[in-house]
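The values are calculated or read from the model by the stated rules, or taken from the named source; none is laboratory data. Quantities reported herein were computed from a predicted structural model and do not represent experimental measurements. No Cβ is skipped: glycine too gets one built from the backbone with ideal geometry, and neighbour counts run over all protein chains shown.
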Amino acid sequence: MSDLFDVLIIGAGPAGLAAAIAAKARGLSYVVLEKGALVNSLLHYPSDMVFFTTPELMEIGELPFVSPHEKPNRLEALRYYRRVTDRFSLDVRLGEPVTGLAHAPHGGFEVVSQAGGRETRSRQAPFVVVASGAYDFPNRLGVRGEDLPHVSHYYTEPYSFFDRDVVIVGGRNSAAEAALDLFRGGARVSLVHRGAEMGSTLKYWVRPDIENRFKAGEVKAYFNALINKITPSTVEIVQAGTPITLRAEQVFLLTGYHSSTRFFEQLGVKWDGDTLRPQYNTETYETNVPGVYLAGSIVGGRFNAEVFIENGRFHGETVVKAIASK
């Protein structure tokens, strides 16, 4: 027998937690299933990262986000969302990945998860909210050497790379901030970007900093360049038709992330093959499959940077309001 709920929520990020708060406030039975830790995507963020926004724009459930800083950091955000979960006594099942999602035989949906790494559990509900995010799925380059041990799609901290050669691939905020952090941590940094200059969305205080490092030669920049191959000790690039070999003891491929289409395929949700954007009602976030809703950055497909905590946090309330009306 399956456990029965009014709504099943996949993902315990800010959008998923906001949906759980809204469901509980309306007396709906729910459970949040999370394959990793609470707000798991934030764990991938650089340890010293500072958010672009102010604390009040990250709040959910009208619970104040108190910070002594104008812009909160990663550790403060982790603490805040943990406090939210405790404050509202949310039913969040951590370390319980969803292994199957299907239409139930008698209507609604069945969600199968793997509890504790062993026990398989089945739950059913007439409504499903997919808030699984996008940060777990990096945009791969598809080049040789991308899976070598010293190559990562996530930047952590600079301390391990003092006096070492590091290559960063990317041209947006994550690449620029990692380059600055590594430079100040004593690494020899090269940045490779396929564009002619850094991206237009760079934070206003990051752009002059990174551009000054380029001008001073403190961070070596290679624009209009493509990666040809990564070896255990080098990165081979092509710039203006000229092959260049860069020394690299560590490589960070900070080229963005995208949402997974696995749940879309299992449920019959339609999406664009190029952008990975799913079809959904922009007012309710219900997909083309009645009863299946989206919340958070998953709505953006490959363009998940358009959905931040600041705007994605409102999806949960909108979704549950639409569900409650049914």
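Things to note:
- Per the conditions (1) over 20 Å from D6 (Cα atoms); (2) touching a Leu at 6+ places or on another chain (Cβ under 7 Å), the sole criterion not satisfied by F65 is (2).
- On inspection, E96 fails the criterion of being in the same structural domain as N311 (by TED's automatic domain parsing), charged (D, E, K, R), closer than 21 Å to I323 by Cα and part of a loop (DSSP other than H, G, I, E, B).
- For the range 245-261, a tally of residues being in contact with a Phe, Trp or Tyr (Cβ under 7 Å, 6 or more places away or on another chain) and surrounded by fewer than 21 Cβ atoms within 10 Å (Cβ to Cβ) returns 3.
- Checked against the criteria, T231 does not count as closer than 25 Å to E306 by Cβ and in contact (Cβ under 8 Å) with a residue 40 or more places away in the chain.
- The range 65-79 residues that are under 18 Å from L17 (Cβ atoms), paired with ones that are among the aromatic types (F, W, Y) and not in a loop (DSSP other than H, G, I, E, B) (beta carbon under 8 Å, 6 or more apart): F65/Y80; P72/Y80
- Residues of the range 146-170 classified as surrounded by fewer than 14 Cβ atoms within 10 Å (Cβ to Cβ) and small (G, A, S), total: 1
Here is a yes/no grid of residues against (1) within 25 Å of Y80 (Cα to Cα); (2) among the hydrophobic types (A, V, I, L, M, F, W, C); (3) part of a helix (DSSP H, G or I):
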| site | (1), (2), (3) |
| --- | --- |
| P290 | no, no, no |
| R302 | no, no, yes |
| N311 | yes, no, yes |
| T318 | yes, no, yes |
| I323 | no, yes, yes |
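- Of all residues in the range 8-36, none that is on the phi > 0 side of the Ramachandran plot has its Cβ atom under 6 Å from the Cβ atom of a residue that is surrounded by fewer than 24 Cβ atoms within 10 Å (Cβ to Cβ), 6 or more apart or on another chain.
- Residues in the range 28-43 that are crowded, with 18+ Cβ neighbours inside 10 Å and not aliphatic (A, V, I, L, M): Y30, E34, K35, N40, S41.
- Pairs are defined by a Cβ separation below 8 Å, a sequence spacing of at least 6 or placement on different chains, a first member in the range 255-271 that is farther than 30 Å from Y155 by Cα, and a second member that is in a strand (DSSP E or B) and of a type in the set (G, A, S); the pairs so defined are Q266/G100; Q266/A102; L267/A102.
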